[in-house]
Each structure stands twice: as C-alpha cells, then as structure tokens.
1. Which of the numbered conditions does Ala97 fail, given that it passes all the others? Conditions: (1) surrounded by fewer than 20 Cβ atoms within 10 Å (Cβ to Cβ); (2) assigned to a loop (DSSP other than H, G, I, E, B); (3) modelled with pLDDT of 95 or more.
2. Please verify whether region 90-102 includes one or more residues that are out of contact with any Leu (no Cβ under 9 Å at 6 or more places or on another chain) and among the charged types (D, E, K, R).
3. Between Tyr53, Tyr88, which is closer than 16 Å to Ala127 by Cα, touching a residue at least 12 places away in the same chain (Cβ under 8 Å) and aromatic (Phe, Trp, Tyr)?
4. I'd like the residue in region 71-93 that is at pLDDT 95 or above and in a loop (DSSP other than H, G, I, E, B) and, out of all such residues, is surrounded by the most Cβ atoms within 10 Å (Cβ to Cβ).
5. Cβ-Cβ distance below 7 Å, separation of 6 or more or different chains: which pairs start in region 126-154 with a residue that is buried (at least 24 other Cβ atoms within 10 Å of the Cβ) and end on one that is outside any strand (DSSP E or B) and among the hydroxyl-bearing types (Ser, Thr, Tyr)?
6. Quick check: is even one residue across region 58-73 of a type in the set (Ser, Thr, Tyr) and within 30 Å of Arg133 (Cβ to Cβ)?
7. Got at least one residue in region 142-163 being polar (S, T, N, Q) and within 16 Å of the chain's Cα centre (by Cα)?
8. Would you mind finding the one in Lys126, Lys161 that is touching a His at 6+ places or on another chain (Cβ under 7 Å) and farther than 15 Å from Val76 by Cβ?
Amino acid sequence: MPPRAHFDLATLDPARILADKEAIRRVLPQRFEMEQLDAIVHLDPAENLVIGYKDVRHDEFWVRGHMPGYPLMPGVLMCEAAAQLVSYFIISQHVMAGDFLGFGGLENVRFRSPVHPGTRLVLVGKAVRVNRRQTTFNVQGFIGETMVFEGDIIGVPLQRKTEA
C-alpha cells in the first residue's frame, strides 16, 4: 500500500508555472539528455515542499532501447528527475551552501506502476532532514492520481572547483 501523499494534487493548478525549463536551467547544471525536469509548479519554503513535473516524451533517449515495443521510463531516471526537483528547491531557496546538490544516496525506493511516454510525471518532494552537510527529501511520483514511485533522496552540497 502506498504511503499518504504529501500534497493533494487535485488542488494543484498545473497551468501556474513558477519556473519553466529556462528558469530551471539558471539553477541546475544538468543539460541535454540529463535534463529531467520541465517545470516547477508549487514551492512552499515554510513546509519544505516542492512540486514539479516531467513530460515524458516519445523521443526520450531511452525509449528505443528500454523495453522495445513497450517503452518504460527507467526507475533510475524517475529518481534523477526527483533529485533535480529537490536540488532546485535547495539551491533556489539557499538552504545549503554550494553550487548544486549532489546525489548522496537513495533509500526506501519503491516503484509501484510503470511510466510510459506520453504521460506527465508529477514529482513531489518534502524535506524530512536538512543540515549543512546533508539533506533528505521524501519524494513521490504520480501519473494522474496513481503514485508510481516513492523514496528518500539524500543530497550533499557540492561546489565546482574554480581554476586559479
């Protein structure tokens, strides 16, 4: 049985975009095939909550080879999309120092339903632990009202080295 959702998605206005792909690019370093987030639609610093989405396209780099004839979004890419969501929150809200949030680990991840091209994967992240060296967000992914995955993402602040 899936856990309780962090947010009632029925109350969300998906047309109210707080950050589009260009705004996300100003915060996150991922580019090209590794950009896994299309929009931020809800951000609540008081609740440590962020919601965004990825429109899963038919021309994604993995579609041809990840189950030919029955393309399934790889679970690792769902986790990457969720990690980018929480990284956007941490960096844009200046919660931790550093240029960007690096992947520190995954815990308690469960995949509950497949994700296919032509769907919108709505991602919800809620901070459960934040300190200066590490943060943990519980993340949930939805297609419509169905929770398709959930888990905990551990992030660590990273600073790009500058050349002297």
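The values are calculated or read from the model by the stated rules, or taken from the named source; none is laboratory data. Please read these numbers as outputs of a predicted model, since none were measured by experiment. Cβ placement follows ideal geometry from the backbone for every residue including glycine, while neighbour counts extend to all protein chains displayed.
1. (3)
2. No, there is no match, as no residue in region 90-102 is out of contact with any Leu (no Cβ under 9 Å at 6 or more places or on another chain) and among the charged types (D, E, K, R).
3. Working: Tyr53 fails: closer than 16 Å to Ala127 by Cα.
That would be Tyr88, the only listed residue that is closer than 16 Å to Ala127 by Cα, touching a residue at least 12 places away in the same chain (Cβ under 8 Å) and aromatic (Phe, Trp, Tyr).
4. The selected residue is Met73.
5. Within 7 Å, no pair qualifies.
6. From region 58-73, those of a type in the set (Ser, Thr, Tyr) are 70; that's our starting set.
Now narrow it down to the ones that are within 30 Å of Arg133 (Cβ to Cβ): none.
Within region 58-73, not a single residue is of a type in the set (Ser, Thr, Tyr) and within 30 Å of Arg133 (Cβ to Cβ).
7. Step one: list which residues in region 142-163 are polar (S, T, N, Q), which gives 146, 159, 162.
Applying the additional criterion that residues be within 16 Å of the chain's Cα centre (by Cα) yields none.
Scanning region 142-163 turns up no residue that is polar (S, T, N, Q) and within 16 Å of the chain's Cα centre (by Cα).
8. Numbers: Lys161 fails: touching a His at 6+ places or on another chain (Cβ under 7 Å).
Only one candidate passes the filter, namely Lys126.
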